[in-house]
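Engineer: This is the structure I want to talk about, given as structure tokens.
The values are calculated or read from the model by the stated rules, or taken from the named source; none is laboratory data. Everything quoted here is computed from the prediction, not taken from an experiment. Cβ placement follows ideal geometry from the backbone for every residue including glycine, while neighbour counts extend to all protein chains displayed. Just the protein is used for accessible areas: all its heavy atoms, side chains included, with ligands, DNA and RNA removed. Shrake-Rupley method; radii C 1.70, N 1.55, O 1.52, S 1.80 Å.
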Amino acid sequence: MRMYDIITKKKRGGELTKEEIDFFIAGFTRGEIPDYQASSLLMAICFVGMTDKETYLMTDAMMHSGDTLDLSRFGELSVDKHSTGGVGDKTTLVVAPLVASLGAKVAKMSGRGLGHTGGTVDKLESFAGYRTELSPEEFMRQVEEVGICVIGQSGELAPADKKLYALRDVTATVDSIPLITGSIMSKKLAAGSKSIVLDVKYGSGGFMKTPGDAEALARKMVRIGRSLGRRVAALITSMDAPLGYGIGNAIEVREAMEVLRGRGPSDLREVCLSLASTMLHLSLGYSPEEARALATEALDQGLALRKFEEWISRQGATSLELPLAKYEKTVYATHSGYLNKIDTEAVGNLSVSLGGGRRQKTDKIDHTAGIILSLSLGDYVDAGAPIGVLYTTEHPEALDAVASALAQTLTIEDKKTEALPPLIYKTILGDEE
Ligand code: URA
């Protein structure tokens, strides 16, 4: 078999066979297929697409390119969630203990921040002592005894994706629905949970800019996950504004804990309840309505908060106190009007400038850094009233520049826009796929 022939076939619109896909994934992972041939095939896939059968075969080959986690000891109860990435998206910190408090088993590997988007592992490290690396035995024991454990990616999970993603990143081949499906689903399937709920973001801070594209991606991921033997559902949610008001690691943990106390921003609470009920529906078999009622009660009566505290302490945190920033600066509106639009990706990047994320892999995170917005989409603000507060400990020199840049990311106009984006565009339970 020759890579040249596989590239030609795809370029002409052909459907690749299992043998051809296995040849490509295994050969590329082993370093036997050069980057220039792999890039050429990836670009052909971007233009021509892949059928569901090809996407299924590629995802399966990528999932089996490295270690897979065996969670069969938890039977039907293991459940995972995945967000395609966002700004201020702290939902895992709420939904994971929430569903665990009701009997689901969350054995989760989470990522670090990437570009303008945050990562759960960085957020959890805001707690002094929290351990993101555990031995496989410690990991399994904690899931068994506490119902939840969240660590960083460990072992060699889907190494094919690691190599392919690095190549896609520099060859303009990220934005392809079959390639994103293979990338995300191979990792989630290798991580072993029986049920998976996907939070596919659309809007100015998401990978997919329109709800239609997000839906096409969500449906494909649901179909592929189901054909590989898992229960998969997806929510399509807005990233046209940060979720909640807080962006930045300790800031986001604090806001998530507010939701766990039955308070917190209404958009964040709503997405958390929707994700958690879908997870409970898939893993514990409740109807969507029963699951929603149970999740609401667990939040409002403190069950989820107690599970959160048990989890964080068990995983090494020496205190539930969170660090505070040394410097802060309030940013004020220069004119009155309605907040009609937010450049969410730019807001995420401003938090990175204050130290809340990394520009390079080796950068150290300032867990206190970030932004708390004073407004949400559609709100009215008077000239001279606050639009947000900036926080940092390590980069006070960035405060002035970030303050003027923040004002540019918010579109404040005299007339209120009619069409605010729906927070939850659609829920795909998967039964109809
Ligand atoms: N996130 C991933 O893990 N992979 C992609 O291809 C896109 C987003």
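Engineer: What share of Cα pairs, in percent, lie more than 24 angstrom apart in segment 233-360?
Structural biologist: When all Cα pairs of segment 233-360 are counted, 44 percent exceed 24 Å.
Engineer: Nearest 10 degrees, 0 to 90: what angle lies between the long axis of helix 159-170 and the longest principal axis of the chain (Cα atoms)?
Structural biologist: 70
Engineer: Calculate what fraction, in whole %, of the accessible area of segment 327-413 sits on carbon and sulfur atoms when a 1.4 Å probe is rolled over the protein chains.
Structural biologist: Of all accessible area on segment 327-413, carbon and sulfur atoms account for 48 percent.
Engineer: So for the chain, taking the charge dipole from beta-carbon charges (+1 Lys/Arg, -1 Asp/Glu), which of L377, S110, T120 sits furthest toward the positive end?
Structural biologist: Among L377, S110, T120, the one farthest towards the positive end of the dipole of the chain is S110.
Engineer: Further question on the same structure: In a Debye calculation with equal point scatterers on the alpha-carbon sites of the chain and no solvent, what is log10 I(q)/I(0) at q = 0.12 Å⁻¹?
Structural biologist: -1.01
Engineer: Could you point to the residue in M3, Y36, V48 farthest towards the positive end of segment 3-49's charge dipole, with +1 and -1 charges on the Cβ of Lys/Arg and Asp/Glu respectively?
Structural biologist: With unit charges placed on the Cβ atoms, the residue in question is V48.
Engineer: Roughly how big is segment 120-176's charge dipole about its Cα centre, with Cβ charges of +1 (Lys, Arg) and -1 (Asp, Glu), in debye to the nearest 20? Let's see the in-between values first.
Structural biologist: Numbers: 6 positive and 11 negative charges, 37 e Å.
In debye, rounded to 20, segment 120-176 gives about 180.
Engineer: Give the peptides 68-75, 162-169 in descending order of average Cβ contacts within 10 Å, highest first.
Structural biologist: 162-169, 68-75
Engineer: Here's something else I'd like to know. For the chain, what does -39500 (n - 2.57) per DSSP helix run (n ≥ 4), summed and divided by total residues, give at 222 nm, in deg cm²/dmol to the nearest 500? Display every interim value, and only then the final one.
Structural biologist: Numbers: 16 runs with 191 residues, N = 433.
About -13500 deg cm²/dmol.
Engineer: What's the magnitude of the charge dipole for the chain around its Cα centre, counting Lys and Arg as +1 and Asp and Glu as -1 at the beta-carbon? Answer in Debye, nearest 20.
Structural biologist: Details: 49 positive and 58 negative charges, 135 e Å.
Once rounded to the nearest 20, the dipole reads 660 debye.
Engineer: Another one. Using a Gaussian network model on the chain with a 10 Å cutoff between Cα atoms, which of T392, T51, T132 fluctuates the most?
Structural biologist: Checking each option, the largest mean-square fluctuation is seen for T51.
Engineer: Still on this structure, I have one more. Could you check the simple spin-label distance between E270 and V170, using points 7 Å along Cα→Cβ, in nm with one decimal?
Structural biologist: In this crude label model, E270 to V170 measures out at 4.3 nm.
Engineer: Tell me, what % of the accessible area of segment 100-222 is carbon and sulfur with a 1.4 angstrom probe?
Structural biologist: Taking all protein chains in place, segment 100-222 shows 54 percent carbon and sulfur surface.
Engineer: How large a share of the accessible area of segment 3-49, in percent, is made up of carbon and sulfur atoms when the probe is 1.4 Å and the other protein chains stay in place?
Structural biologist: For segment 3-49, the apolar C and S fraction of the accessible surface comes to 54 percent.
Engineer: Going by Cα centres, segment 54-92 and segment 410-427 are how many Å apart?
Structural biologist: Rounded to whole Å, the Cα centres lie 32 Å apart.
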